[in-house]
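Shown below is the structure under consideration.
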Amino acid sequence: MTAKQNARRYPRIKVPKEILVAWKSGSQRDVSRADNVGLGGLFARTQHPLAVGAILEVLFNTPGGEVRARATVRHSVTGLGMGLEIVSMEHEHRSRLDGWLKKLAGEVKPVTFSSETTNVESVPEAGISTAEQGMVIDQMQSLATKLVRFAWGRFQLRLDYSDASIAEVERILNELQKDFTRKGHDARTTIEGLSNHFGAYIGEVVRRKHGGMWRANIANLSPPAHGVEVGELTFAPSRNVYLRLTEGADYNVKALYEKFEEAISQSIASRNEASPEAENTTFRALVRNGAVHAIQDAQKRFDIVLDYTEASLDLLEEILLRISDLLTDRGTRPHRLREEEKMLLKAEGALNYGAYLGEVMCKNLGGRWQDTIPASDIGRIVVVIDGKYFDPLEVVRNAIKDPRKFGVKQFYCDAKKMTQFDGVITHSAKVRQSKPTT
C-alpha cells in the first residue's frame, strides 16, 4: 500500500458483515458487501469490479437511515473488489454516515438533552396546513422520517415504528420537557415544531399498525394539528405531544397511546360482534405494508414505478420475470446471489408482490383482504370479491417459479370477468379460486 493510501484524510472503520452496498454505473448495477467504510470512501467486495476512474452511485443502509453518495473507483482488483472514493454526498447523508461511524468507533458522546439539540429540520408551514389528503399523508410521513433521523443523529436512539418505540419517545419528551422547564426560555416555536415531528411519528406507528388515514386540521385544536383516523376513532398525537411538553407527565404519550390502542381494540370487538366478517384492521395494515415494500423494492432494485393501476400489472410481470432470473442465475448479471439471498428474495418477493397484486384487485375490483376462509381449515391470505376467494400471493409465488406459465395479468383479467356486476360471470380454470369446504 502506498504512503498516499495510508495517509487517508478520513479513517476507515470495519463495518458489520451484514452491510450491503448497492451501486450502479451506467447500465451496470450490483450489490456488494462493504469491507470497510469511512467518510472519504469504502471498499466494496465484488468478483467483477469496475475499472479505475469509473463513476458510480452507491447506496447503503445504516441504523439511522439510508446513505447515498457519488463515488469514483480509485483501485480495482478482479476477484476481490474495488476501493471507492466518495466525491459528493448531501449534507444530511454525510451527517448520518458520520454519526454511524462514530458509534461504531465507540466515539459517541453520552446522550444529553438541551435546547440546543431540539432543532429538527423544518417543513414549510404552507405544506403542513394544506387540506389536500395526499399532501397531508406525504407531509406527515416526511415529518416522521425526519424524527427517526433526528432521534438517531442526536441521541443514538433507534425508532422502528414499533409499539415499544413509544416508550423511547416518552423518554425523550420527558427529558426535553424538564429542560424547557429548567431553562425557563420562551420555546413556543420550538415546542410546536417538536410536537409536529413527534406527533407525526406516533401517528405513523398507529397508521402502520391499524391501516388508518391522516386527516387534516382536526377541529377545535390549538395549535392546529392533523389526526389519524382509524374507523370511527380519531387520534391527534401532535396535540398530545404539545401538552406533554407544556403541561408535563400528566400527558404521558405512552399512556395516551395505550389508551387509544384500547379504544381501537374495543371498536374492533364491537364491529366484529355486529358483523362476524368484519375485516381485521391490523391484518389489513400488514398487507398494505407489504404492498408498499413492493413499490419501494421495484423502484430501488429495478427502477420501475408501480402505482396500483391495472396497467402496472405489465410492469409487475416484468419484475417477477427478473426476480426469477435472479433466482435461477439467468441473464448477464455479473454477481450471482448466494443461497441465503435467494431464499430471502423468494420469500419477500412472494409476500410483498403478492400483497401488491391483491391491493390492485382491492382498489380496482372492490375486493377486500381476508385471512381465513369460512368453513375451511386452509390457512390462506385471500382477496374476497363478490363472495369469491382469490389467492394473489400463491399466484405470485408460482409466477416467480415459472413466470412464462403463470401470468399475473391474466389472473387479474379472469378475476375481473368472474366478478363483473352485469350478471354475466365467466368462469376460467386459470383463476386460482379458493372454494370453501363443506
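The values are calculated or read from the model by the stated rules, or taken from the named source; none is laboratory data. None of these values were measured; they are calculated from a predicted model. Here Cβ is always computed from backbone atoms with ideal geometry, including for glycine, and neighbour counts include all displayed protein chains.
Counting just the residues of region 299-329 that are loosely packed, with under 15 Cβ neighbours inside 10 Å and among the charged types (D, E, K, R), which one comes out modelled with the lowest pLDDT?
The selected residue is Asp329.
I'm checking my understanding of the structure. Among residues of region 366-393 that are surrounded by fewer than 18 Cβ atoms within 10 Å (Cβ to Cβ) and among the charged types (D, E, K, R), which one is modelled with the highest pLDDT?
Arg368
If Ser162 satisfies all but one of (1) more than 27 Å from Gly231 (Cα to Cα); (2) assigned to a loop (DSSP other than H, G, I, E, B); (3) small (Gly, Ala, Ser), what's the number of the condition it fails?
Only one criterion in (1) more than 27 Å from Gly231 (Cα to Cα); (2) assigned to a loop (DSSP other than H, G, I, E, B); (3) small (Gly, Ala, Ser) is unmet by Ser162, namely (1).
When both residues are 6+ apart or on different chains and their Cβ atoms are under 6 Å apart, which pairs have a first residue that lies in region 253-264 and is in the same structural domain as Val205 (by TED's automatic domain parsing), and a second that is outside any helix (DSSP H, G or I) and surrounded by fewer than 20 Cβ atoms within 10 Å (Cβ to Cβ)?
Ala263/Leu233
Same structure again: Restricting to region 137-147, give me the number of residues that are crowded, with 22+ Cβ neighbours inside 10 Å and within 13 Å of the chain's Cα centre (by Cα).
Counting residues in region 137-147 that are crowded, with 22+ Cβ neighbours inside 10 Å and within 13 Å of the chain's Cα centre (by Cα) gives 1.
Run Ser142 past the list (1) part of a helix (DSSP H, G or I); (2) out of contact with any strand residue (DSSP E or B) (no Cβ under 6 Å at 6 or more places or on another chain); (3) at pLDDT below 80 and report the number of the one that doesn't hold.
Against the list (1) part of a helix (DSSP H, G or I); (2) out of contact with any strand residue (DSSP E or B) (no Cβ under 6 Å at 6 or more places or on another chain); (3) at pLDDT below 80, Ser142 comes up short only on (3).
A further question follows. Cβ-Cβ distance below 6 Å, separation of 6 or more or different chains: which pairs start in region 83-103 with a residue that is polar (S, T, N, Q) and end on one that is not in a helix (DSSP H, G or I)?
Every condition considered, the pairs that remain are Ser88/Arg70.
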